[in-house]
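The block underneath contains the structure these notes are about, expressed in C-alpha cells.
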Amino acid sequence: MSSKADQPRPKNCEECAEQNRDIDCWNPDRMLDTLMRNHDKVEQDWVEKGLPTLVDEMMANYEAFGGMDHLEGKDLPSKKVVIEVLEDLLTVLFPGYLGKEEMTKANIKYQLGSTLTSVYTRMTAEIEKSLKYICRKISNCPQDVCQKRAHVVVKELLEKLPQIRATLSGDIQAAYAGDPAAVSTDEVILSYPCVLAITTYRIAHELYLEGIPLIPRIMSEHMHSLTGIDIHPGARIGKNFFIDHGTGVVIGETAEIGDNVKLYQGVTLGALSFPKDEKGNIIKGRKRHPTVGNNVVIYSGATLLGAEAVIGDNVVIGGNVWITSAVASDTKITISAPELRYKKENHKS
C-alpha cells in the first residue's frame with residue numbers, strides 16, 4: 001500500500017478542496033495560489049451598490065426570524081453592565097484578592113462604600129429593566145412598580161452579602177481541606193475556578209429566589225464560559241461545597257445538594273426526561289433533577305439523572321457511574337473494572 005506521502009499532491013487549493021485531502025493549503029509552495037483566488041470577483045463599488053441590497057436582505061431576515069432580535073432594548077438588561085456589577089461584587093466579597101483597585105486597611109472602608117454605592121445604582125437600573133421586560137406583558141401593571149421592586153431586591157441582596165461571605169468561607173475551607181494539592185487558602189481563592197463559579201451561584205441564587213428574570217442566568221452563564229462549571233442559579237446547594245478541578249460539571253435548576261458535598265470534574269446532575277403537555281411542549285417548573293444528601297463524594301464522570309435519583313447521606317459514587325434511581329445512605333457505588341486486552345505488537349526493523 002502506498003503511503004500518503006507517495007500520493008500525487010494537488011497543484012492548488014481549489015484542487016485540494018476538490019480532492020478533499022488532508023493537505024495544508026497554507027503551504028508556502030501554494031501560498032500565491034491561495035492569495036490570488038477569486039481576484040476576478042472583486043467589486044470596487046460593492047459598498048455603494050451591493051451593501052444596500054444586503055441591508056434589505058437583513059431587514060427581511062429580521063422579519064422572518066424575529067425571535068433573534070430585540071429592537072426595544074430599553075426593557076432589556078445590559079449583559080455588559082451585569083457582568084461588571086458581578087465583578088464588583090466579587091471584589092467586595094474577596095477584597096485584596098479580586099478586583100483592579102489595591103485594597104488596604106487604610107482605604108478599604110472608602111473603597112467598600114464607593115463600590116457598593118455604584119453597585120446599588122447600576123444593579124437597580126438593570127433589575128428594573130429586567131422586571132419591565134416581564135411587566136410590559138401585563139396590561140394593568142402600575143407604572144412605577146418595577147422601579148420600587150428593583151430598589152427592594154438590590155437592597156436585600158446587598159444586606160445578605162455578610163451572610164453570603166460567611167457561607168463562602170466554608171466553601172473555601174472545604175476546598176483547602178479536600179484537595180491535597182492545595183497549599184493555602186490564598187491559592188484556593190486566587191486560582192481555583194470553583195471559587196468563582198460557586199460565589200457567582202450564591203449571588204445569582206438570591207436573585208433567582210426573588211423572581212428576577214434574565215440577570216441570574218447572565219451571571220451564571222458568564223461564569224460557566226470562564227470556568228467550565230455550569231451551575232443553574234435555581235439549584236439549592238448547602239454549606240461547605242467543593243468542586244475539584246471542575247471542568248464539565250453540570251448542576252441543573254431543580255437539583256438539591258446537601259452540606260459537605262464534593263464533586264469532581266465531569267459530574268452531571270441532570271434531567272432524565274422532559275414531560276410534555278398535550279401540544280407536545282415541555283412542561284416547565286417541575287422537579288426534574290437529582291437530590292444529593294450530606295457528606296457525599298461524587299467522582300469524575302458520574303452522571304445522575306432525574307428526580308428519582310435521590311442520594312442519601314455519606315454516599316460515595318465512583319467515576320463514570322450512571323444513576324437514575326435512589327441510593328440509600330452509607331452506600332459506596334462503583335462500576336466493575338473493564339476487561340483490558342493487551343496485544344503484543346511486532347515491530348520489524
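Test of understanding: in a Gaussian network model of the chain with alpha carbons linked when under 10 Å, which of Asn294, Asn140, Asn38 would top the mean-square fluctuation ranking?
Maximum fluctuation in the GNM of the chain, among the listed residues, is at Asn38.
Roughly how many debye, to the nearest 20, is the charge dipole of region 131-192 about its Cα centre, given +1 on each Lys and Arg Cβ, -1 on each Asp and Glu Cβ, and no other charges? Could the numbers behind the result be given before it?
Values: 8 positive and 7 negative charges, 152 e Å.
Around 720 debye, computed over region 131-192.
Please give, to one decimal in nm, the separation of the simple spin-label points placed at Lys279 and Ser336, each 7 Å out from Cα toward the Cβ.
Here the answer is 4.9 nm between the modelled labels.
Tell me which of Met219, Pro233, Gly99 sits at the most positive position along the dipole axis of the chain, charges placed on C-beta atoms (Lys, Arg +1; Asp, Glu -1).
It is Pro233.
Would you order His347, His151 from fewest to most other beta-carbon atoms within 10 Å of each residue's own beta-carbon?
Numbers: His347 5, His151 14.
Placing the least packed residue first, the sequence is His347, His151.
Starting from the amide H of Lys287, placed 1.01 Å from N in the peptide plane, find each other amide H under 5 Å away whose residue is 5 or more places distant or on another chain.
Answer set, sorted by chain and number: none.
Length gain on complete extension for the stretch Tyr120 to Leu209, per 0.36 nm per residue less the alpha carbon to alpha carbon distance? Before the final figure, lay out the partial values.
Values: separation 89, 0.36 × 89 = 32.04 nm, distance 1.85 nm.
The Tyr120-Leu209 span can extend by a further 30.2 nm.
Amide H of Ile333: which non-local residues (sequence gap of 5 or more, or other chain) have their own amide H closer than 5 Å, using H built in the peptide plane?
Val316, Ile317, Gly318
Of the residues Thr199, Thr185, Thr117, which exhibits the maximal mean-square fluctuation in a Gaussian network model of the chain defined by a 10 Å Cα contact cut-off?
Comparing Thr199, Thr185, Thr117 in the GNM, the peak value goes to Thr117.
Give, rounded to the nearest 20 debye, the magnitude of the charge dipole that the chain has about its Cα centre when Lys and Arg contribute +1 at Cβ and Asp and Glu contribute -1 at Cβ.
I would put it at about 900 debye.
Where the convex hull is taken over the Cα atoms of region 196-251, what is its projected area averaged over directions, in nm²?
With the hull built on Cα positions only, its mean projection is 3.5 nm².
Report relative contact order for region 74-229 in percent, whole number only (criteria: Cα-Cα under 8 Å, sequence separation at least 6).
The value is 27 percent.
Estimate the FRET efficiency between Trp46 and Gln173 by the formula 1/(1 + (r/R0)^6), using the beta-carbon distance for r and 41 Å for R0, to the nearest 0.05.
Calculated transfer efficiency: 0.10.
Any chance you could run the full-extension gain for Asn107 through Arg136? It's 0.36 nm times the residue separation minus the Cα-Cα distance, nm to one decimal.
Values: separation 29, 0.36 × 29 = 10.44 nm, distance 4.32 nm.
This chain segment gains 6.1 nm when fully extended.
Using all C-alpha to C-alpha distances in region 145-276, build P(r) with 10 Å bins and read off the rounded percent in each one.
Result returned by the calculation: 12, 42, 32, 11, 2, 0.
Build a GNM of the chain with springs between Cα atoms under 10 Å: which of Glu43, Glu102, Glu126 gets the top mean-square fluctuation?
Maximum fluctuation in the GNM of the chain, among the listed residues, is at Glu43.
In whole Å, how far is the Cα centre of region 222-237 from that of region 158-183?
Going from one Cα centre to the other spans 17 Å.
Run lengths n ≥ 4 of DSSP H only: what is the helix-derived mean residue ellipticity at 222 nm for the chain, with -39500 (n - 2.57) per run over all residues, to the nearest 500?
Computed mean residue ellipticity for the chain: -13500 deg cm²/dmol.
For Lys279, list the lysines whose Cα falls under 30 Å from its own Cα; do not include residues on the same chain fewer than 8 positions away.
Lys132, Lys137, Lys287
Mind listing the phi-derived Karplus ³J(HN,Hα) values for region 323-340, rounded to whole Hz, using 6.51, -1.76 and 1.60 with θ = phi - 60°, and x for any glycine or proline?
10, 10, 9, 5, 10, 5, 4, 6, 10, 10, 10, 9, 9, 4, 4, x, 7, 9
Between Thr185 and Arg286, take the C-beta separation as r, use R0 = 41 Å, and let me know the FRET efficiency to the nearest 0.05.
0.55
At q = 0.09, 0.11, 0.23 Å⁻¹, what log₁₀ I(q)/I(0) does a Debye calculation on the Cα points of region 25-146 give, no solvent, two decimals?
Relative scattering, expressed as log10 I(q)/I(0), comes to -0.62, -0.75, -1.23.
Give me the percent relative contact order of the chain, please, defined on Cα pairs under 8 angstrom at least 6 residues apart. Walk me through the numbers before you get to the answer.
Working: 536 pairs, mean separation 29.4, N = 349.
8 percent.
What is the fewest-to-most order of Lys80, Lys148 by other Cβ atoms lying within 10 Å of their Cβ?
Result, fewest neighbours first: Lys80, Lys148.
How do Tyr342, Tyr120 line up, fewest other C-beta atoms within 10 Å first? Present the calculation step by step, with values, prior to reporting the outcome.
Numbers: Tyr342 4, Tyr120 16.
Result, fewest neighbours first: Tyr342, Tyr120.
Using a cut-off of 27 Å between alpha-carbon atoms, which lysines can reach Lys109, once sequence neighbours fewer than 8 places away in the same chain are excluded?
Answer for Lys109, where 27 Å is the Cα cut-off: Lys80, Lys100, Lys155, Lys160, listed by chain and number.
Per q in 0.16, 0.19, 0.25 Å⁻¹, report the Debye log10 I(q)/I(0) for region 273-349, using one uniform scatterer on each alpha carbon and no solvent.
Listed by q, the Debye log ratios stand at -0.69, -0.83, -1.11.
Near Lys41, which lysines are there with a Cα under 24 Å away, not counting those fewer than 8 places off in the same chain?
Result set, ordered by chain and number: Lys11, Lys49.
Work through the residues other than Pro180 whose Cβ is under 15 Å from its Cβ and net out their charges, Lys, Arg +1 and Asp, Glu -1.
-2
Here are several values of Cα Rg over 2.2 N^0.38 Å: (1) 1.11; (2) 1.01; (3) 1.33. Which one was derived from the coordinates shown?
(3)
Okay, which of region 234-260 sit inside 19 Å, backbone N to the point 7 Å along the Cα-Cβ direction of Ser329?
238-240, 256-260, by backbone N distance to the label point.
Count charges around Arg217 for me, please; just the other residues with Cβ under 12 Å from its Cβ, Lys/Arg as +1, Asp/Glu as -1.
With Lys, Arg at +1 and Asp, Glu at -1, the neighbours total -2.
Please work out the FRET efficiency for the pair Lys148 and Lys100, using the Cβ-Cβ distance as r and a Förster radius of 35 Å; give the result to the nearest 0.05.
The value I calculate is 0.60.
Bear in mind these aren't lab numbers, they're just calculated from the coordinates by the rules spelled out. Since the structure is predicted, the reported quantities are computational estimates derived from the model, not experimental observations. We place every Cβ from the backbone using ideal geometry, glycine too, and count neighbours over all the protein chains shown.
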